[in-house]
Amino acid sequence: MLNMGKMRLAIGGVIMALLFGLTSGPALAQGMGLGEGGGFYVGAGGGFTSVDVCDDLNALGFTNCDDEDVGFKIFGGLKFNQYFGAEAGYVNLGEVSANFSGVGVEVDADGFQVAAVGTYPIEQFSLLGKVGIYFWDLDASAGGASVSDDGTDIMFGVGGEFHFTPQVSVRGEWERFDFDGDDVDFFSASFIYRF
């Protein structure tokens with residue numbers, strides 16, 4: 001089991017390094033020899049999430065189950081060249097809600113991800129794939145009581161990106177996040193700015 005305190009510290013270090021790089025702008029990217037297709041970027045996006053747990057919950061006696069919600073993310077990345085890069089960010093996957101014996105139950109999920117990103121450029125369009133680690137937190141509440149859980153699991157995704165200019169693009173992607181064997185799908189659209 002990974003030490004969560006050390007892993008969160010490592011994620012914080014990655015994010016701080018990305019932010020430091022963003023303040024240095026294109027000059028740092030050129031100094032690193034990134035050249036064409038490389039550099040720093042930031043992005044933000046949103047979409048909808050699906051957990052597909054209502055059938056299981058209904059079988060246990062839950063009612064009014066809703067396992068789809070709205071999610072959002074903010075992220076930063078570094079492209080080493082036009083084909084490979086790394087990305088880190090915060091991802092909120094929304095909540096699952098249901099009732100049990102007249103008591104409302106809600107479970108919220110969010111966390112931080114660090115991923116390797118592969119890109120295949122085609123003119124103004126790029127195909128992309130990613131695989132990484134998701135450091136998640138779950139907060140559940142029911143009838144005034146609450147409980148939390150956390151863990152570290154794999155995440156992966158595929159998508160496409162359209163480049164309006166060398167700096168501005170939009171991305172559509174599907175990502176899957178694992179929570180101790182339960183999968184959450186996130187379909188999102190994001191705005192990206194490159195430095």
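The values are calculated or read from the model by the stated rules, or taken from the named source; none is laboratory data. Everything quoted here is computed from the prediction, not taken from an experiment. Glycine also receives a Cβ, built like all others from the backbone with ideal geometry; neighbour counts cover every protein chain displayed. Heads up: the accessible areas ignore ligands, DNA and RNA and are worked out on the full protein's heavy atoms, side chains in. Shrake-Rupley method; radii C 1.70, N 1.55, O 1.52, S 1.80 Å.
Might you check whether a residue that is outside any strand (DSSP E or B), of a type in the set (Gly, Ala, Ser) and open to solvent by 40 Å² or more (accessible area, probe 1.4 Å) occurs anywhere in the stretch 114-121? There is no residue in the stretch 114-121 that is outside any strand (DSSP E or B), of a type in the set (Gly, Ala, Ser) and open to solvent by 40 Å² or more (accessible area, probe 1.4 Å).
Consider Thr165 carefully, then state whether it is farther than 16 Å from Ile192 by Cα and either open to solvent by 50 Å² or more (accessible area, probe 1.4 Å) or over 14 Å from the mean Cα position of the chain (by Cα) (or both). Against the criterion (farther than 16 Å from Ile192 by Cα and either open to solvent by 50 Å² or more (accessible area, probe 1.4 Å) or over 14 Å from the mean Cα position of the chain (by Cα) (or both)), Thr165 does not qualify. Tell me the residue from Gly102, Gly157 that is more than 21 Å from Phe48 (Cβ to Cβ) and either in contact (Cβ under 8 Å) with a residue 24 or more places away in the chain or open to solvent by 60 Å² or more (accessible area, probe 1.4 Å) (or both), please. Result: Gly102 is the single residue among Gly102, Gly157 that is more than 21 Å from Phe48 (Cβ to Cβ) and either in contact (Cβ under 8 Å) with a residue 24 or more places away in the chain or open to solvent by 60 Å² or more (accessible area, probe 1.4 Å) (or both). Among the residues of the stretch 61-82, the ones that are more than 23 Å from the chain's Cα centre (by Cα) and either surrounded by 15 or more Cβ atoms within 10 Å (Cβ to Cβ) or free of Cβ contacts under 8 Å to residues at least 24 places away in the same chain (or both) come to 2 in all. Applying the condition of being free of Cβ contacts under 8 Å to residues at least 40 places away in the same chain and either surrounded by 14 or more Cβ atoms within 10 Å (Cβ to Cβ) or among the polar types (S, T, N, Q) (or both) to the stretch 170-195 and asking which residue is farthest from Val96 (Cα to Cα) yields Val170.
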